[in-house]
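Chemist: Sharing a structure here in structure tokens format.
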Amino acid sequence: MIVPGGGISLDGTRWVACRPNFLLAVEVLSCLFRRLVLEKLAAAHCAGELQFFGKHMALTNPKAFAAYLAPLRNKDWVVYAKRPFGGPEEVLRYLARYTHRVAISNRRLISADDKGVTFKWKDYRLDGAERYNRVMTLPAHEFIRRFLMHVLPAGFPPHPLLRLPHLPNPRQERRAHSRAAHESFHPN
């Protein structure tokens, strides 16, 4: 989540910036975030908006779900707060890295066969070189399920302003190529 470093004044006439290097204490933010996430999860469960599979099927029961969430209310949640961006362009550049990223790159795919899809992955629980190039094979349906969790839903196209400057616009490239081809065949 990106939070602006300030807000509109109560009378709505001007921008009020936060103090330099301060927006909200991380401890306060982590408590607030924990409470809001757990409340939203409970509300989603009550509304029947959550689905559970496999060993988590028991969590469809409201009492089991409440018991599952209970210990999380007493844990410290870590919230990472980053220094302010350098301006709107930096915000767009930051967001573009996430909206134009593929869930898994081709170079990480090793094979796909009757056993499933084999690929390289990083284990962030390990330190140093050990974390890189771990190998996993998943059944094809599980690989596809996990891949699709990273695909934006229909009607949620990336905003054109979020395109990184070095990423060409495919439509413009096709038009330029088509125009050049047309001109080479029909010189005037």
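Values quoted throughout were computed directly from the atomic coordinates according to the rules given, and no laboratory measurement underlies them. These figures come from a predicted structure and were not determined experimentally. Glycine gets a Cβ as well: all are built from the backbone with ideal geometry, and neighbour counts include every protein chain shown.
Chemist: Once you have the Cα-Cα distance between Lys40 and Phe85, take 0.36 nm times their residue separation minus that, and quote the gain in nm to one decimal.
Modeler: 13.3 nm
Chemist: Could you calculate the FRET efficiency of Val28 with Ala67 from 1/(1 + (r/R0)^6), where r is the beta carbon distance between them and R0 is 35 Å, rounded to 0.05?
Modeler: It comes to 0.80.
Chemist: Can you tell me the alpha carbon radius of gyration of region 76-150 divided by the globular rule-of-thumb value 2.2 N^0.38 Å?
Modeler: Cα-based Rg divided by the globular estimate yields 1.47.
Chemist: Between His56 and Trp15, what is 0.36 nm times their sequence separation minus the Cα-Cα distance? Round to one decimal in nm.
Modeler: 10.0 nm
Chemist: Still on this structure: Order these peptides, 125-132, 40-47, 29-36, by their mean beta-carbon neighbour count within 10 angstrom, highest first.
Modeler: So the order, starting with the most tightly packed, is 29-36, 40-47, 125-132.
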